[in-house]
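Worksheet for the structure shown next.
The values are calculated or read from the model by the stated rules, or taken from the named source; none is laboratory data. Here the structure is a predicted model, which is why all the values come from computation and not from measurement. Every residue, glycine among them, receives a Cβ derived from its backbone with ideal geometry; neighbour counts consider all protein chains shown.
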């Protein structure tokens, strides 16, 4: 499987060299798994599919309405000695910013930030429970304690455990594969969407007190069932689901699910033949190993925002949230690789690893965007009719989109026997 058009975004970094191989890994491993299960298929992708799928929120329409990718308080703010990137899409994170700064809207936040030092504003927001980071250069990140602690980590690491049978498929490539999805935002949900659209029974569980943003669910929820459960009350049921799953995806802050017996180590101790995918923002070692983070925040901390600076010198960003989507596709591929090999195991992936991989690529400045078509599809959901982009794979030359189910409408049970 290969993509012929290899550069299409205007960016100082070779973003395509990160995203295209990640999709190709997913496609190649999906084809291999399907063949091992007795159902050979041809799986391909195109430049148009990859580019559009990595920017799905820009193309999503719900009953004809566009989606807002960013909340008003999200983005870069100027301080008296630099810049800070803030993520405030979730209401509880926006409230943390208000507590830390007293700012209730974007103009007041910009005004307040201008009198702070970048490090102090970063620390105040994080201490209040928010998400922020000072914008650093590549060199500053390499010298940062987290940068040093993780400098030898790979983007995606695979550790094998006990063997498992490769069950035959009767329909789609992942027909009959059960996936418990305990992830949020983009990287994890985009990974599980690929698995769902290839036929897996994916059950995603969210906490009632921190619901997912509806547009995120609609953008990455194809083919899945969505349930709401408080692990403090129903943790045993969820752990039993994990024992009967083929794959468990973990995407919360490292260590946050350990008290429910849902750490990678506990899950594999219960079921050594299980495949566990574990996502983190910053890797799982070092002083930031248990810290929350998002694609935009990792870009700002590691030097990507500085490399992508605008002509006026203010920090910029990648043309899409490539760290998220590339990590999700890469993780899906490695999970399917373990299933094809008849092996359980642990697949660890981090957004930081994706950032380090991208920054390590050769710099070939691309000054023009190559126009590519946007392959869109219509799918149904209880929340409205969707015009959206399918996952970036073709199975026997057909796109693999599926309808999106009701958010929180499923029970804590697998779909079939």
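Within segment 54-81, the set of residues being surrounded by 15 or more Cβ atoms within 10 Å (Cβ to Cβ) and closer than 13 Å to residue 110 by Cα comprises 73, 74, 75, 76, 77, 78, 79.
Counting only helices (runs of 4 or more DSSP H) wholly contained in segment 108-215, the ones carrying 3 or more residues that are closer than 26 Å to residue 269 by Cα occupy 187-197.
If you filter segment 218-250 down to residues that are under 18 Å from the mean Cα position of the chain (by Cα) and either in a helix (DSSP H, G or I) or not assigned by TED's automatic domain parsing to the domain that holds residue 343 (or both), you find that the one that is farthest from residue 348 (Cα to Cα) is 218. Within segment 38-62, the set of residues being over 17 Å from residue 25 (Cβ atoms) and in contact (Cβ under 8 Å) with a residue 12 or more places away in the chain comprises 38, 39, 48, 51, 52, 55, 56, 57, 59, 60, 61, 62. The set of residues from segment 149-182 being closer than 23 Å to residue 399 by Cβ and surrounded by 15 or more Cβ atoms within 10 Å (Cβ to Cβ) comprises 169, 172, 173, 174, 175, 176, 177, 179, 181.
Need the failing condition index for residue 67 against (1) under 24 Å from residue 309 (Cα atoms); (2) touching a helix residue (DSSP H, G or I) at 6+ places or on another chain (Cβ under 7 Å); (3) at pLDDT below 95, just the number. Condition not satisfied by residue 67: (1). Taken together, 353, 333 contain a single residue that is crowded, with 17+ Cβ neighbours inside 10 Å, part of a helix (DSSP H, G or I) and out of contact with any helix residue (DSSP H, G or I) (no Cβ under 7 Å at 6 or more places or on another chain), which is 353.
Within segment 287-323, restricting attention to residues that are out of contact with any helix residue (DSSP H, G or I) (no Cβ under 8 Å at 6 or more places or on another chain) and in a helix (DSSP H, G or I), the residue that is nearest to residue 138 (Cα to Cα) is 300. Going by the structure shown, is residue 196 surrounded by 24 or more Cβ atoms within 10 Å (Cβ to Cβ), modelled with pLDDT of 95 or more and either farther than 30 Å from residue 360 by Cα or not assigned by TED's automatic domain parsing to the domain that holds residue 241 (or both)? For residue 196, the condition - surrounded by 24 or more Cβ atoms within 10 Å (Cβ to Cβ), modelled with pLDDT of 95 or more and either farther than 30 Å from residue 360 by Cα or not assigned by TED's automatic domain parsing to the domain that holds residue 241 (or both) - is met. Taken over segment 251-266, the criterion of being touching a helix residue (DSSP H, G or I) at 6+ places or on another chain (Cβ under 7 Å) and either surrounded by fewer than 24 Cβ atoms within 10 Å (Cβ to Cβ) or not assigned by TED's automatic domain parsing to the domain that holds residue 176 (or both) is satisfied by 260, 261, 262. Looking across 348, 402, 363, one residue alone is assigned to a loop (DSSP other than H, G, I, E, B), out of contact with any helix residue (DSSP H, G or I) (no Cβ under 7 Å at 6 or more places or on another chain) and touching a residue at least 60 places away in the same chain (Cβ under 8 Å). It is 363.
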